[in-house]
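Here the structure comes first, spelled out in structure tokens, and everything after it is commentary.
The values are calculated or read from the model by the stated rules, or taken from the named source; none is laboratory data. What you see is a predicted model; the values in this text were computed from it and never measured. Please note: Cβ atoms are built from the backbone with ideal geometry, for glycine as well, and neighbour counts cover all protein chains shown. Keep in mind that these areas ignore ligands, DNA and RNA; they rest on the heavy atoms of the full protein, side chains included. Shrake-Rupley method; radii C 1.70, N 1.55, O 1.52, S 1.80 Å.
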Amino acid sequence: MSNPPSTPAIKFEEVSRHFGEIKAVDQVNLEVNDGEFFAMLGPSGSGKTTCLRMIAGFDKPTSGSIYLYGQDVSNLPPYDRNVNTVFQDYALFPHMTVGENVAYGLMIKKVAKAEQTKRVDEMLELVQLKGFASRKPSQLSGGQRQRVALARALINHPKVLLLDEPLGALDLKLRQQMQVELKAIQKRVGITFIFVTHDQEEAITMSDRIAVFSQGKIEQVGSPAEIYERPASAFVAGFVGTSNLVSGEIAKRITGSEKTFSIRPEKIHLTTTSPSADMVSLDGVVRDVVYLGLYTRYLVEIEDGVDLVVIEQNLKTTSMDVLSAKGQKVKLSWHKDHISYLEA
Amino acid sequence: MHSKKAPLGLTIAAFGTLLFLHVPMLIIFLYTLTPDETTYTFPLPGFTTKWFGIALQRADLWRSLILSLKVATIATIIALILGTLAAAAVYRSNFFGRESISFLLVLPIALPGIVTGIALRAAIGGFDIPFSFWTIVIGHATFCIVVVYNNVLARLRRTNPSMIEASMDLGANSFQTFRHVVLPNIATALLAGGMLAFALSFDEVIVTTFTAGQQTTLPIWIFSQLNRPRDRPVTNVVATFVILITFIPIFLAQKISAESSDTEGENK
Amino acid sequence: MLVVYLGSLFSLLINSFYYIDDFSGLIIREFTLRTYAQIFTPANREIFTRTATMAFFVTIASAVISFPLAYYIAKYASRRLKTWLLIGVTIPLWSSYLVRVYSWKLILAQEGILSYFINLFGLSGFLKWLLSFEGIGGSSLALSPLGMFIVFVYIWLPYMIIPVQTALERVPNSLVEASSDLGAKPLQTFRTVILPMAFPGVIAGSIFTFSLTLGDFIIPLAIGNSKFFIGQAVYSYQGTAGNIPLAAAMTIGPVAIMIVYLLIARKLGAFDAL
């Protein structure tokens with residue numbers, strides 16, 4: 001199953017999906033590379049899940065085309081495309097055992113029984129559920145069900161694996177553990193993974209590239225670092241982490257241009273010393289202080305009604321120190337390179 | 001769930017109502033033992049079990065029983081197939097008429113049997129179809145379908161729709177998905193619906209009077225005794241028999257439904 | 001099958017516009033309203049009134065009687081007991097309609113079990129007094145509208161209990177507690193909170209009790225006196241008289257009433273309680 005590296009695993013060409021008046025997906029263009037761990041990130045209703053469902057074949061585009069390794073699959077039913085899905089609620093068949101669930105795709109293909117057993121065992125081992133084959137889904141924990149869903153979706157060796165909010169139903173600890181594990185499994189099987197999430201931290205931790213969705217359109221596609229450090233729009237800057245947006249007159253005073261720029265709170269320093277030439281420097285008054293243990297969040301007013309959020313790690317300071325900063329005049333500084341101009 | 005104790009008055013009223021619903025049937029059992037052939041005297045003037053033997057010897061009763069069983073079986077089979085199809089169609093589709101279809105399918109239960117009966121009678125007469133075994137079956141199938149439809153639709157609505165998508169996703173076409181995923185999930189609903197339909201058909205009398213020709217189902221036989229009692233003690237035996245034969249499937253059907261909704265509750 | 005059913009209903013409608021030739025006794029298949037005119041003869045009007053009155057009172061009585069059991073099941077019974085109680089209510093709902101009517105023939109008989117207990121408790125005078133009333137009385141319970149009323153309530157009661165129970169089930173306990181917390185006495189809570197919220201269930205149940213009483217002909221034939229009810233009239237018109245058009249016309253009335261009733265009930269949200 002070798003594909004020329006130039007062929008994208010998934011390609012969206014001007015894809016739209018309308019539900020009546022609502023444009024759930026609006027003229028989206030997108031390419032996902034072979035072997036990538038790709039995240040579709042966005043708030044609910046942004047069109048990311050609809051995109052995933054169109055790749056799987058549960059929904060059909062109103063217009064535009066979707067290509068799977070060069071083949072137009074826009075109108076193929078789900079069972080005729082080599083793409084499998086891990087559902088948000090896992091969608092395990094309650095009347096079947098774990099083994100039967102995992103073997104389902106093979107049974108449909110009428111693979112010989114012995115071969116089925118062998119491959120089910122391999123898959124269960126991959127997801128660390130060896131020996132669970134004869135249990136019923138109702139006897140498993142949430143994390144275990146998720147692994148079964150993963151094994152079931154991988155057994156057919158799909159060209160692309162789709163994951164719909166795969167970790168949404170798990171608690172924080174388990175989620176963090178599964179993030180690492182999913183990544184490792186993807187490395188091992190070498191299949192393109194596309195997953196949908198509304199959790200920016202999850203997207204940043206796990207994926208090679210991220211597409212940020214808003215209102216049916218893609219705002220930005222890029223590596224986690226690009227998305228975080230160079231947000232292309234106000235939406236991305238706000239949705240992925242927190243960010244200070246500065247525009248108009250003040251922006252001009254700082255950068256010499258009226259163009260809106262964003263600066264991450266952790267890139268801003270509270271100083272007393274004079275900054276070097278490549279640093280930006282501003283005066284401000286601390287309006288509010290929130291002590292958060294590992295770090296402290298300050299709200300600093302740099303002009304009437306314009307506040308910047310600043311985050312400082314509590315390396316040397318104590319809570320007493322930071323809280324006494326409220327109301328004091330401070331100097332803010334950041335490196336010029338840490339500014340990211342938004343596209344107009 | 002709060003475990004407050006109910007006021008005594010409420011408890012008595014509640015269980016009194018329950019008794020009111022069940023005692024009359026027990027009284028029929030009692031009367032199968034009366035030696036009195038012509039009246040319903042209470043207390044019973046004595047005890048005898050001879051009527052069971054006499055009822056067993058009656059060829060006309062056997063014929064009616066077999067007819068009723070045949071009608072109920074075939075009507076149930078038709079209902080299982082068509083009721084499931086109707087439920088699946090309504091569940092899957094979002095088409096405009098969906099609500100009205102499900103409204104129409106409730107009609108045969110909400111409208112009294114006499115309407116269904118006379119309507120079928122008019123139609124049968126209109127097409128000059130001779131009254132036969134099959135006209136009874138068609139009549140019974142109308143309300144049996146509704147029962148199956150309701151049971152199956154309720155179950156489908158509680159079935160996770162992404163399960164069906166998961167099956168298609170794993171390569172199964174619609175038919176395979178129905179066979180491997182949908183059918184096993186609605187199996188108990190079908191069983192419950194089928195048993196209810198069977199029981200309903202077995203003691204149905206109103207629609208039958210309009211759709212039967214010369215055929216006498218067991219309920220028709222009882223009905224004739226209601227107006228002109230000739231074989232009172234035998235009627236008691238037959239009535240007892242009808243209670244038992246309908247009681248069992250209905251009891252099982254209710255148990256199945258209660259249990260399946262219970263286990264679903266636990267899985268959530 | 002739906003086609004058969006709707007087709008039949010349609011042919012019923014068509015038939016109601018035919019008429020029967022008085023002389024030859026044959027059905028004349030041409031459009032006319034004269035069959036409908038026959039419905040409004042005093043005799044038939046009386047049948048309609050009698051049936052509707054009975055259906056009305058049966059519905060009211062079922063609603064009242066259903067409450068304690070429905071409330072007990074919804075609010076007090078443990079999970080296990082609830083399952084069993086519900087089975088106890090649904091079994092008579094589904095099973096042996098005819099036999100359950102028949103059982104009252106035994107119970108209400110003059111020499112039967114009810115009379116025995118009435119005499120035992122010395123209430124026969126009271127019963128005589130009740131039966132002496134025109135309209136509800138008769139020569140004995142088995143032959144009186146009062147007896148019919150009891151049997152109707154008995155037969156259709158489960159159809160009321162289930163929807164009322166479902167509706168009560170949906171009244172959150174916190175609402176009841178909130179009401180008593182705000183100072184309402186139990187009876188006030190019942191009147192101001194529980195009753196209004198159970199109302200859709202009562203409406204849903206009334207669809208059955210009312211409609212089924214309207215159309216029943218077995219009970220009036222088995223119990224009751226010789227005065228006709230709609231169902232009975234339909235039965236005899238189509239049977240002995242072979243007058244299908246008149247029988248059809250007479251059923252169209254109740255059907256129309258029930259469809260309007262169903263549509264209103266659906267608006268009121270009664271279908272959710274089904």
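Apply the a/c threshold of 1.5 to the C-alpha gyration tensor of chain C and tell me whether it is rounded, prolate or oblate. Oblate. In this structure, the pairs whose alpha-carbon distance is over 21 Å, taken from A:K23/A:K183; A:K23/A:K159; A:K113/A:K159; A:K60/A:K159, are A:K23/A:K183; A:K23/A:K159; A:K113/A:K159. For B:P233, neighbours were defined as the other residues whose beta-carbon sits under 12 Å from its Cβ, and their charges (Lys and Arg +1, Asp and Glu -1) total +1. The alpha carbons of region A:56-108 stretch over 40, 21, 14 Å along the principal axes, in descending order. Taking 0.890 mPa s as the viscosity and 25 °C as the temperature, the Stokes-Einstein diffusion coefficient of chain A based on its alpha-carbon Kirkwood radius rounds to 108 µm²/s. Considering only C:L246, C:L214, C:L182, the Gaussian network model of chain C with Cα springs below 10 Å gives its largest mean-square fluctuation to C:L182. Model label sites at C:M197 and C:L263, defined 7 Å from Cα along the beta-carbon direction, differ in position by 3.2 nm.
For region A:247-297, the share of accessible area belonging to carbon and sulfur comes to 49 percent (1.4 Å probe, ligands and nucleic acids excluded).
Which Cα, out of A:Y298, A:V322, A:V310, lies furthest along the positive dipole direction of region A:287-327 (beta carbon charges, K/R +1, D/E -1)? Of the listed residues, the answer is A:V322. When chain C is treated as a GNM with alpha-carbon contacts under 10 Å, the residue of C:A247, C:A167, C:A184 showing the greatest mean-square fluctuation is C:A184. Solvent-free Debye calculation, one equal scatterer per alpha-carbon of the protein assembly as shown: log10 I(q)/I(0) at 0.08 Å⁻¹ equals -0.90. A Förster radius of 30 Å, combined with the Cβ-Cβ distance separating C:T41 from C:F10, puts the computed FRET efficiency at roughly 0.70.
If R0 equals 45 Å, the separation of the Cβ atoms of B:N227 and C:S78 corresponds to a calculated FRET efficiency of about 0.50.
For region A:80-235, the dipole from Cβ point charges (+1 on Lys and Arg, -1 on Asp and Glu) about the Cα centre works out to 700 debye, to the nearest 20. Taking a sphere under 10 Å around the Cβ of A:E165 and counting the other residues whose Cβ falls inside, with K and R at +1 and D and E at -1, yields a net charge of -3. Per-residue mean of foreign Cβ neighbours for C:212-222 is 4 (Cβ atoms of other chains, 10 Å radius).
Between the Cα long axis of helix A:113-126 and the first principal axis of chain A there is an angle of about 20°, rounded to the nearest 10. Just checking the listed ones, A:T273, A:T85, A:T117: in the Gaussian network model of chain A with Cα springs under 10 Å, the one fluctuating most is A:T273.
Excluding same-chain neighbours fewer than eight residues apart, the lysines reachable from A:K336 by a Cα-Cα span under 23 Å are A:K252, A:K259, A:K267. Mind checking the log10 I(q)/I(0) for region C:58-147 at q = 0.10 Å⁻¹? Debye, one equal scatterer per Cα, no solvent, two decimals. Each listed q maps to, in turn, -0.40. The simple Förster model, with R0 at 25 Å and r as the Cβ-Cβ distance, assigns A:T255 and A:S223 a FRET efficiency of 0.50.
The Cα atoms of region B:60-262 give a gyration tensor whose axes a ≥ b ≥ c have a/c of 1.5 or more with a/b greater than b/c, which makes the shape prolate. Length, then width, then depth: along the principal axes, the Cα atoms of region B:112-228 run 63, 31, 21 Å.
Of all aspartates and glutamates in the structure, the ones whose alpha carbon falls short of 18 Å from that of A:K130, not counting any fewer than 8 places away in one chain, are A:E100, A:E115, A:D121, A:E122, A:E181. Chains B and C: buried accessible surface, both sides, probe 1.4 Å, rounded to 100 Å²? Its buried surface, counting both partners, is about 7400 Å². Considering all different alpha carbon pairs of region A:266-337, the Kirkwood hydrodynamic radius works out to 12.4 Å. Is the shape of region C:47-109 rounded, prolate or oblate, going by the alpha carbon gyration tensor and its root eigenvalues a ≥ b ≥ c, with a/c under 1.5 for rounded and a/b larger than b/c for prolate? Oblate is the answer for region C:47-109, as a/c is 1.5 or above yet b/c matches or exceeds a/b. Candidate cross-link partners of B:K255 among the lysines, defined by an alpha-carbon separation under 28 Å and a same-chain spacing of 8 or more, comprise A:K136, B:K4, B:K5, B:K70, B:K268, C:K75, C:K82. For region B:169-268, a Kirkwood radius taken over Cα pairs fed into Stokes-Einstein (20 °C, viscosity 1.002 mPa s) yields D = 129 µm²/s.
Projecting the Cα atoms of A:V236, A:P224, A:A203 onto the charge dipole of region A:10-239 (Cβ charges, centred on the Cα centre) puts A:A203 farthest toward the positive pole. Label sites at C:T32 and A:H95, each approximated as a point 7 angstrom past Cα along Cα to Cβ, lie 5.8 nm apart.
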